[in-house]
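Okay, structure first, notes after.
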Amino acid sequence: MSLELLVALGVGVLTACGVYLLLRSRLFDVVLGLMFISYAVNLFIFFMGRLATGRAPIIQNGVPATLTSYADPLPQALVLTAIVISFGMTAVLLAIAVRGYAENGHDHVDEDGDRS
Amino acid sequence: MNASLLLWMLLLPFAGAVLLLLVDNNHRRRSAWIAGLITIAGCVLLAVLAAAVFDGGMVRFRVDWLPSLGVAFGLRLDGLAFLFALLILGIGALVVLYGAYYLADDDPPARFYAFLMLFMGSMLGVVLADNLIVLVVFWELTGLSSFLLIGFWRHREDARQGARMALTVTGFGGLALLAGVLLIGRVVGSFDLDAVFAARAQLQNSPLFMPILLLVLLGAFTKSAQFPFHFWLPSAMAAPTPVSAYLHSATMVKAGVFLLARLYPALGDNDAWFWIVSTAGLATLLFGAVVAIFQHDLKGLLAYSTISHLGLITLLFGLDTPLAVVAGVFHIINHAVFKASLFMAAGIIEHETGSRDMRQLNGLWQTMPITATLAMVACAAMAGVPLANGFLSKEMFFGEALAVDTHRLLTFATPIAATLAGIAGVAYSLRFIHDVFFNGEPVGLTKIPREPPRFMRVPVEILVVVCLAVGIFPAVTIAPLLAVAAQAALNLPGVEKLPVYSLAIWHGFNFSLLMSLIALAGGVLLYIALQKKINLHTITRLPGDAKLLFDVFIDNLVVVAGWITRITQTGSLQRYLLLILIAAIVAGVAGVWLAPSPAGSTAATTAPANMIAVAMALIGMAASIGAVVMYRQRLTALILLGATGLVVAMTFVYFSAPDLALTQLLVEVVTIIMMMLCLKFLPAQSAPQKNSFRHWRDAVVAVIAGLGVTWVVYQVLTRPFNSISPYFLRTAVGEGGGANAVNVIIVDFRGLDTLGEIAVLGMAGLIVAALLRNMPMQNTKLGAPDDAKVPGNAHRSLLLQIVAALLLPLAVMISIYFYLRGHNLPGGGFIAGLVFAIVWILQYVAIGRFNVESRVNADYATWIGWGLLVAGLTGVGSFVAGFPFLTSTFKYFTLPVIGAVPIASAMFFDLGVYLCVIGATMLVLSRLARVNDPAGQRQPERTP
Amino acid sequence: MMAWLLKHLPVLPIVLPLLGAALALLAGEKRLATQRVIAAASVMSLAVAAVLAIMLTASGQMSVYLAGNWQAPFGIVLAIDKLTALMLALTAGIGAVVLIAGQAKPATTDGGQNRIDGGTFFYPLFLLQLCGLNGAFLTADLFNLFVFFEVLLAASYGMLLQNADRARTNAATHYVVINLFGSALFLIAVALLYGVTGTLNMSDLSQKINATSGSSRGLVMAAGFILLLVFSIKAALLPLNFWLTGTYGRALAPVSALFALMTKVGVVAIARMLTLLFPEGSAINGHMSNVLLIVAPLTMLIAACGALAAREVKVLIGWTVMASAGLMITAIAIGSPMALSGALFYMLGSTIATALLFLNAAAMDAPGAVLTTGAASKNNAWPVIGALFFVGAAAAAGLPPFSGFIGKTIVLVGATQHAWMTWVFYTVLMAGLLTIIAFARMGSRLFWKRDAVVAPVYLLPASILAAALLALTLLAAPIQRFTDQAAIEMKRPQIMTGNVLGKLPLQPDKKAGAAK
């Protein structure tokens, strides 16, 4: 199996797991789902710069500054930003979960809990 | 000169309205005076402008308004506009005077007159508009202001309903009219009346003519209460009588027929117009007349008679001959005059007797003879009795009805219908007189009837005099006005082009006279018959109440609306997310589907996966799937999540992204800590979800999404790639001053992203702090927190304290090291900040919050502030050198151990990041740590 | 000074509020007065910047700014065209009003009084909200757009959670989760576009997209549609609009007023997509327009139904926000310059009207309200509130003399040449009628059926907004001239592209020069 297919599958699995958890009814589980989704998204962005092994974008003298000799630095930078932002937002959502639990007495995502 | 006068005539009422809104409601007379003077001033202006109009000219005002729409704010005062302006202002003045006596003590006069002025201004706008868009604007304004007027007695349910109904029906018509006007604009290419008139042929030949005609007529018919849109008018009778006298004689309803007259030159004179307008008019004429007989409420009778007369006018315009148009214009004047006086008379009666019910009001002749006389004359005019103005226009109408020969069927139908309507008209006029002033004694009145105050009667007297004057000496009184008005309505170059007609009372003995006689005689007979055979008073169920239908319709509309709303707004987050997910999948699939050629892979060289990679992948997938399977055991799920995160970090390492790996690792640690802290508070298990269908559905969606993403990633990875990135690699060292391209991008090439990013992180910290501050704990099942594990509590292990103490300086060193080398090697402000934060939280665990916070400034919010400030100022710093925001400059220094360190402005920027990260992370962690720590809840925030 | 200002104009609307927020934080929570001064100063400077931007663009110029002095497409570029200038002005204006409203002291349910801005970190979050909005309007870089979306969203979470209570917390739960997922989709779309085209600058992107070979087209289209979806969530288009009424209705009144801008961000983003990223002529543009021409008018109708069914005035207003978004997107999808101009004109009016109605609604159900029958006492704000409601309602329902009517009319005129004219006419007018009925019912129930005595709250900001509405009508000529030019500019993406990609960094040897 080719490396491309492998990583593609990896991202796919993470996405599926995230989506499933995202659709749960308890906020904490939803947070878990969003974490998985953010893993998937980060890897997605990262792989958009294609696969490069052993070519960290740290410039050495004499090495031609091309994508054949270095990994694409731009997606990496974007992923860094994405990681930080999703980190912050996860914190906010967790705080909301805690506060919501304190307010409602349950941690269902909807105000009036299960209505089934 | 004249032009500006015209503008003033229009603006005065609006100015008056504003002025009146400022007047205190307690000064009753004052507001009446203001309104009166405004109206009279308007009349004077009109009189000044009269000369120009009667010379066959036209006064115009024009100023640019919506240039690219070709809409100028244009006003025109031609004959037709003059006639209507005269009615609006003249009768308006009388209504103002009348109202001053009519209003009760607890009716706020200022508000009343303000609304009245508003309405008057809007009406003037409609009739003066020289541009169809402008006309629509004022048209809608009449709707709005009449809404306020009809609902004036807002505490009364029927008033509120009547107002809403009028607004709804006429508003509906207004929107239709707007659509029609816009279509006219599309065909003609302009909204100016002259252009529209000029493009008559073009309009009537265009394929859009039918829709245009229908839409415009919809507007006209709803406004002028044509069957089947008539029902709003009777329920508008809940308005104070002065309002009814104004709206339903001279203004509101007349706006509809005005529109017919105004657009007749453009849209009239063709079969479609003839059939639609004349049938609508005919139906309304008969319907109104018949229903009017059976009303018990005085105003109800007048309302339906109004409907009938509007039908008559509409029919005249529908008959589509120049003479009929003349007759129509003539009847507009006459009806306005006698109907206004009748409403006022009815109002006087109500005012003096406290009732409008003809089953109570009888024999008022004894108590209020003068009013009675006036009312009778007006009624005569309404019935079309000779010597009253109504007679003349009715004669012309009969004449025209007879003249219909173009269409076989109507040749007979029209005259007969006209006569029948005439008969009914006489009958209800007769009932008005007989029932109110004679026919025995009053029944159960609350007041003793007497004549009204002198000045309350004046308006009626004036109007009645006009009725007679016009009726007896038409040639001297009305002829010139009628001539110019009709000329404008027919859009003729000059008066002399008008068809020949005579306003004489006596045309010799002809058919129309015969019809009049039949009508009179028949009417009398009919009324007597009705009174004898079926006593009208006993009739309780009144025919023709479309109002109920309307109410039912609206109620159902609301029900349906609520139903739709409930479907779209389930209030269930899960449904919403599912919807978004499906939409996203559809979007993705559709995108690929709609592509011109299928997105088959252009197979680039693919490397085979080695064992390490495969193993790594398998571990990751196993961990994540495990987490999903075990998700209800939150701690387990959390651990598995962490494992997955580690694999992700490994992936970054494997694919040569050390910075990402480090960051991912640290973020992972902090996130897990956060979630652990939350789990101390939240239930450790998530409640089971019975609904297994849901599980399967979600699973299916999830799998589809996963496959989709897999496919896309594979597609992209197997494609050749060229991007802007080589530029970064080339310039990182030379111009960015750093060997670590990623970090250079972060702090330099895309510094703005990073600035936003730390702003987000900072806000996250603030929000968490705000949210977890003094939370309500009563809802929670939380007992005394398990002290040992809660960071920042009493007894702790000595070992941990020692470790932490030793670790601290080392960790700080590491963090600074990361910070400094960031520009050239993996590291940088963010990573450094996280390292610092992690060690710091360890201190919390080890020696407790209070001990920690007593050692350093623990108001982390200000750390965030400093971070943002430093980063921002670094960016602004480059302004000094005259360079754009965030332009970096650098110089190398060599430090021991660390090696060459670039003192780049980017470093200061990174310092901002560093501070912001520490502040935000610590704010979050310390807050979460304190959630279920009662001491923490009590402990106030420190500020330096 | 002036030259200096103009030189750095594009970045000021981002930096000024950012620094303001930093200072407000440093002032500390206790020093509310200091924070107020800082906030006022920032907003005022924003207003100045906005005016400059309007003047600059009105003179036919476009201001392009290379952040970090890196040439496009490598660095992040900020650009002020007429559309951006308009949005900057609107943001500054609403911001100023919110600032005034923030000083209000509405009575709380527990009888006490607490200042709006007394909430936690009100001013830092408020200023960062403005920063995020401006950034989103200014940036010409797709990923940077994502970042500023996050800034304004994060700020909006904080604003929504001011004086958090049960209702707000629950509203925030839905709002945040949905938006986080939206952000994930946004990232996927952006990344995918990068993966295919290898660039992030919007102008560069649109060129590269046109150049993409057939087999990659599908991926680009998928990315485009997902992007459209993300913006549609922000613009509250059907069927992604559920988050709106709950969120807007439950926030503090000044916050709701500020949120009146939020849907507009989505609208503007969609406008940029259809005019800059996937300009007319490209296949994807056609598909998107068709989708939007189905969805947006339906949104209008459904929203109007919601308004009709609404029992709570704030909910009613929320629905009208949605309806207005529907109208604007419809106009954008029609795409004729006239329709675009109408959409912009309408946007000004509807945003102001919404803000007015939200403030007014809060003033209405201030817990201090005493229901009375019969005449109300002196210094009772009730009649004024009623009048303001009437104005706001007429404006929101698109009735003259307010700008809603004008904007709607321009849009309809712009639609007359379009194939879907009948459908657009029908839906727009129907929605208008339903809205009128809804407001008439609500208004007569609120202000006619009963009389109330309430202490005046928010009257000043609300009156300012009402005046602004009237001004829009009276000054329609110049404003429409500006929106027309803006629309024409949007229809010629090559202007933007040329300016953005053509802008050269200052003196190529800058590093050396600046290092000394």
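Taken together, the values in this text are just the output of simple stated rules run on the coordinates, not laboratory data. What you see is a predicted model, and the numbers here were worked out from it, not measured in a lab. We place every Cβ from the backbone using ideal geometry, glycine too, and count neighbours over all the protein chains shown.
A protection proxy built from the mean count of other Cβ atoms within 10 Å ranks the segments C:50-58, B:733-741, most packed first, as B:733-741, C:50-58.
What is the order of B:200, C:492, fewest Cβ neighbours within 10 Å to most?
C:492, B:200
Extension gain, residue B:27 to residue B:685: 0.36 nm times the residue separation minus the Cα-Cα distance gives 229.7 nm.
How about the stretch C:59-153: which chymotrypsin sites (Phe, Trp or Tyr not before Pro) there are in a DSSP loop, with at most 13 other Cβ atoms within 10 Å of their Cβ? Show your work: numbers first, answer last.
On the way: sites: C:65, C:70, C:74, C:121, C:122, C:126, C:137, C:143, C:146, C:148, C:149; in loops: C:70, C:74, C:121.
The qualifying sites: there are none.
State which entries of B:299/B:532; B:254/C:408; C:30/C:82 exceed 29 angstrom in Cα-Cα distance in the structure shown. Each step should come with its number before you reach the end.
Values: B:299/B:532 24 Å; B:254/C:408 27 Å; C:30/C:82 41 Å.
Beyond 29 Å between Cα atoms: C:30/C:82.
Working note: 222 nm ellipticity from helices only, DSSP H runs with n ≥ 4, each -39,500 (n - 2.57), summed and divided by the residues of chain A, gives -22500 deg cm²/dmol to the nearest 500. Magnitude of the charge dipole for the stretch B:331-425, about its Cα centre and with charges confined to Cβ atoms of Lys, Arg (+1) and Asp, Glu (-1), is about 100 debye.
The tail of the calculated P(r) for the stretch B:415-510, taken as Cα-Cα distances beyond 20 Å, holds 67 percent of the pairs.
Modelled spin labels at residue B:529 and residue B:570, positioned 7 Å past Cα toward Cβ, are 6.6 nm from each other. Counting, for every residue in C:393-402, the Cβ atoms of other protein chains within 10 Å of its Cβ and taking the mean gives 4.
Label point 7 Å out from residue C:506 along Cα-to-Cβ: which residues of the stretch C:48-76 have amide N under 12 Å? Those under the cut-off are C:66-70.
Treat every Asp and Glu Cβ in the stretch C:199-299 as -1 and every Lys and Arg Cβ as +1, leave all other atoms uncharged, and give the resulting dipole magnitude about the Cα centre to the nearest 20 debye.
Numbers: 6 positive and 2 negative charges, 34 e Å.
Using Cβ point charges on Lys, Arg, Asp and Glu, the stretch C:199-299 gives about 160 debye.
When the charge dipole of chain C is built from unit charges on Cβ atoms (+1 for Lys and Arg, -1 for Asp and Glu) and taken about the Cα centre, the candidate among C:143, C:397, C:119 whose Cα reaches farthest toward its positive end is C:119.
Return the Rg/Rh value of chain C, two decimal places, where both radii are evaluated on C-alpha atoms and Rh is the Kirkwood radius. Each step should come with its number before you reach the end.
Details: Rg = 22.4 Å, Rh = 23.2 Å.
Dividing the radius of gyration by the Kirkwood radius yields 0.97.
Inside 10 Å of the C-beta atoms of B:62-75, what's the mean count of C-beta atoms belonging to other chains? Before the final figure, lay out the partial values.
Numbers: counts 0, 1, 4, 6, 11, 6, 15, 11, 1, 7, 1, 2, 0, 0.
So the per-residue partner count for this stretch is 5.
For the stretch B:812-824, backbone phi angles converted through the Karplus equation (6.51, -1.76, 1.60; θ = phi - 60°) give residue-by-residue couplings of 4, 3, 4, 4, 5, 4, 4, 4, 5, 7, x, 5, 10 Hz, Gly and Pro being listed as x.
Counting only residues at least eight positions apart within a chain, or on another chain, the aspartates and glutamates with an alpha carbon under 14 Å from that of residue B:447 are B:350, B:352, B:357. Residue B:476 label point, 7 Å along Cα→Cβ, cut-off 18 Å on backbone N: hits in the stretch B:488-505? Inside the label zone: B:503-505. Scoring C:269-280, A:54-65 by mean Cβ neighbours within 10 Å over their residues and listing the highest first yields C:269-280, A:54-65. Work out the FRET efficiency for residue C:311 and residue C:31 from their Cβ-Cβ distance, taking R0 = 41 Å, and round it to the nearest 0.05. Using R0 = 41 Å, I get an efficiency of 0.45.
About its Cα centre, the protein assembly as shown has a charge dipole of approximately 1660 debye under the convention of +1 per Lys or Arg Cβ and -1 per Asp or Glu Cβ, with nothing else charged.
In order along the stretch B:169-174, phi translates into HN-Hα couplings of 5, 6, x, 4, x, x Hz, rounded to whole numbers, per the Karplus curve 6.51 cos²θ - 1.76 cosθ + 1.60 with θ = phi - 60° and x for Gly and Pro.
As a calculated quantity, the FRET efficiency between residue B:465 and residue C:481 at R0 = 41 Å, using C-beta atoms, amounts to about 0.15.
Per-residue shielding of B:160-169, expressed as the average number of other chain Cβ atoms within 10 Å of the residue Cβ, stands at 3. Couplings 3J(HN,Hα) for the stretch C:214-230, derived from phi with the Karplus relation 6.51 cos²θ - 1.76 cosθ + 1.60 (θ = phi - 60°), are x, 5, 8, 3, x, 5, 4, 4, 4, 4, x, 5, 5, 4, 4, 4, 4 Hz, where x marks Gly and Pro.
Quickly estimate the mean residue ellipticity at 222 nm for chain B, helices only: each DSSP H run with n ≥ 4 gives -39500 (n - 2.57), and the total goes over all residues, rounded to 500.
On the way: 37 runs with 657 residues, N = 944.
After summing the helix terms and dividing by the residues of chain B, the value is -23500 deg cm²/dmol.
In what sequence, highest mean first, do B:616-622, B:548-554 appear when ranked by Cβ atoms within 10 angstrom? Display every interim value, and only then the final one.
Numbers: B:616-622: 18.1, B:548-554: 13.3.
Top of the packing list down: B:616-622, B:548-554.
Segment residue C:115..residue C:58, full-extension length gain: 16.6 nm, with 0.36 nm per residue of separation and the alpha-carbon distance subtracted. The modelled label-to-label distance for the pair residue B:359/residue C:419, using points 7 Å beyond Cα in the direction of Cβ, is 6.3 nm. Volume per residue of the convex hull around the Cα atoms, evaluated for the protein assembly as shown, comes out as 182 Å³.
Label 7 Å along Cα→Cβ of residue C:7; the stretch C:40-71 residues with amide nitrogen under 19 Å? So the set is C:49, C:52-53, C:56, C:62-71. In this label model, residue B:560 and residue B:639 are separated by 6.0 nm, measuring between points 7 Å along each Cα→Cβ vector. Rg ratio for chain B: its Cα radius of gyration over 2.2 N^0.38 Å, N being its residue count, equals 1.43. Compared with the alpha-carbon gap, the fully stretched path from residue B:507 to residue B:370 is longer by 46.0 nm at 0.36 nm per residue. Computed from the C-beta positions of residue B:548 and residue B:1 and an R0 of 56 Å, the FRET efficiency is 0.55 to the nearest 0.05. Here's the picture: charge each Lys and Arg Cβ at +1 and each Asp and Glu Cβ at -1 in the stretch A:10-116, and of A:71, A:92, A:20 the one pushed furthest to the positive end of that dipole is A:71.
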